[in-house]
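Asker: Dropping a structure here in structure tokens format, bear with me for questions.
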Amino acid sequence: MTDTLQIEIHPIEKSRIDTVDFDNLVFGRTFADHMLVVDYKDGAWQTPQIVPYGPITFSPAMMSLHYGQAIFEGMKAYKNAAGEVLVFRPQANLNRLNQSAVRMCMPEIPENVFMEGLTELLRLDSAWIPAKPGCSMYIRPFMFSTDEYVGVTPSKTYRFIIFNCPVGSYYTKPLRVKVETQYIRSAHGGVGFSKNAGNYGGSLYPTKLANDAGYDQIIWTDAATHQYVEEAGTMNLMFVIGDTLVTAPTGDTILDGITRKSVIAVAKDWGMKVEERQLAVAELIEGIQNGTVKEAFGAGTAAVIAPISTIGFEGVDYDLPERPEDAFSRRVYDEINNIRLGNTVDTRGWVYKV
Ligand code: COI
């Protein structure tokens, strides 16, 4: 790959945009016209291509289907009042994608491939970025191994793709979540910090059991003792306890969420106390009972800030108080939203203008 990146663009003949009901977007069901596709072979990333979004063909022996070398990211793009396209913290997603790549024995994506590919793709599909409040363009970069081979070893070839989905809210109401004390999401030395497909596959069965019991999501606890709160799989978890924002420290078991990082940065800038520390489930439940836990919410790219209404633990539901108008989770949502939309001066260098 040379310094001057060539991108081959094969535009769609007829856009599908007229078929989309932008007033009723369901998260993850609508796909913009184009996708970026970059192949890795012979030890190098090949010329990026932008092609019409659509099915791809592969061998039944494609290794990612069998051995799980598959990683992904989630980012969002918005239009500001002047119609310019803004992406929230894409560099942070690239860094995390490459951390996942290293752990999963996959090649890292060069910055120019990621950023220039993303830029060209968003320019081409900018008409698909919804303008309606609460909506955005969800960007899904991902990479998977493509060798046709039956054997457990790192593949020699890979494909990196970015596609875009105009989306509404991921969660549409406050969440009922269940503290999971039987199944685990990740353990020390494992891959919990990486955004690999298997982490999500492993969560489906326990989450289905929780759904069947009337909960929307799981609060994962630590693998060794099930005593400490980790994350929710689709988002990190945050709590306002007294006057302090409390969240689990990221390590090798928890995804280092970019919304999580952003919430912490804003809270600190506002002079709020922030504790990244182990939070025992027992402390959480006691805090809900005695009123010191004021707010519980998830933070993630898809979820943004997702308020939690109820926490289920050992068969008992514990309700969080109603959020007042000036709740931290409301204010921090507004702040981050205004930064993403370009309504607030971006003093932290979080917004990338396409
Ligand atoms: C994201 O927040 O971007 C994620 O990847 C979570 C996913 C479950 C939609």
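Asker: Consider only pairs whose beta carbons are under 8 Å apart and that are at least six residues apart or on different chains; among these, list those whose first residue lies in segment 263-286 and is without any contact (Cβ under 8 Å) to a residue 40 or more places away in the chain and whose second residue is in a helix (DSSP H, G or I) and surrounded by 15 or more Cβ atoms within 10 Å (Cβ to Cβ).
Answerer: Listed by first residue and then by second, the contacts come to V274/I264; V274/A267; E276/I264.
Asker: Now for a separate question. Considering segment 17-55 alone, what residues qualify as being in contact (Cβ under 8 Å) with a residue 60 or more places away in the chain, within 25 Å of N199 (Cα to Cα) and more than 16 Å from the ligand (Cβ to nearest atom)?
Answerer: Passing the criteria: M35, L36, V37, V38, D39, Y40.
Asker: Hand me the list of helices (runs of 4 or more DSSP H) wholly inside segment 258-354 holding 1 or more residues that are closer than 23 Å to Y228 by Cα, away from the ligand (no atom under 16 Å from the Cβ) and of a type in the set (A, V, I, L, M).
Answerer: It comes to 258-269, 281-290.
Asker: Next question. Residue by residue through segment 145-180, note down the ones that are hydroxyl-bearing (S, T, Y) and within 17 Å of the chain's Cα centre (by Cα). Step through it out loud before you land on a result.
Answerer: We begin by selecting, within segment 145-180, every residue hydroxyl-bearing (S, T, Y); these are 145-146, 149, 153, 155, 157-158, 169-172.
Result: S169, Y170, Y171, T172.
Asker: Could you please tell me which pairs satisfy a Cβ distance under 7 Å, a separation of 6+ or placement on different chains, a first residue in segment 222-243 that is in a loop (DSSP other than H, G, I, E, B), and a second residue that is modelled with pLDDT under 95 and within 16 Å of the ligand (Cβ to nearest atom)?
Answerer: T234/A302; T234/A303; M235/A303
Asker: Condition test on L121, is it under 22 Å from L86 (Cβ atoms), crowded, with 22+ Cβ neighbours inside 10 Å and touching a helix residue (DSSP H, G or I) at 6+ places or on another chain (Cβ under 9 Å)?
Answerer: Values: under 22 Å from L86 (Cβ atoms): yes; crowded, with 22+ Cβ neighbours inside 10 Å: yes; touching a helix residue (DSSP H, G or I) at 6+ places or on another chain (Cβ under 9 Å): no.
Criteria not met by L121.
Here's the yes/no breakdown for (1) among the basic types (K, R); (2) buried (at least 21 other Cβ atoms within 10 Å of the Cβ):
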| site | (1), (2) |
| --- | --- |
| G83 | no, no |
| F114 | no, yes |
| M143 | no, yes |
| G168 | no, no |
| R176 | yes, no |
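Asker: Name the residues in segment 282-308 that are hydroxyl-bearing (S, T, Y) and over 28 Å from the mean Cα position of the chain (by Cα), would you?
Answerer: Of everything in segment 282-308, just one residue is hydroxyl-bearing (S, T, Y) and over 28 Å from the mean Cα position of the chain (by Cα), namely T292.
The values are calculated or read from the model by the stated rules, or taken from the named source; none is laboratory data. Note that the structure is predicted; figures quoted are calculated from it, not measured. Note that we place each Cβ from the backbone using ideal geometry, even for glycine, and neighbour counts take in every protein chain shown.
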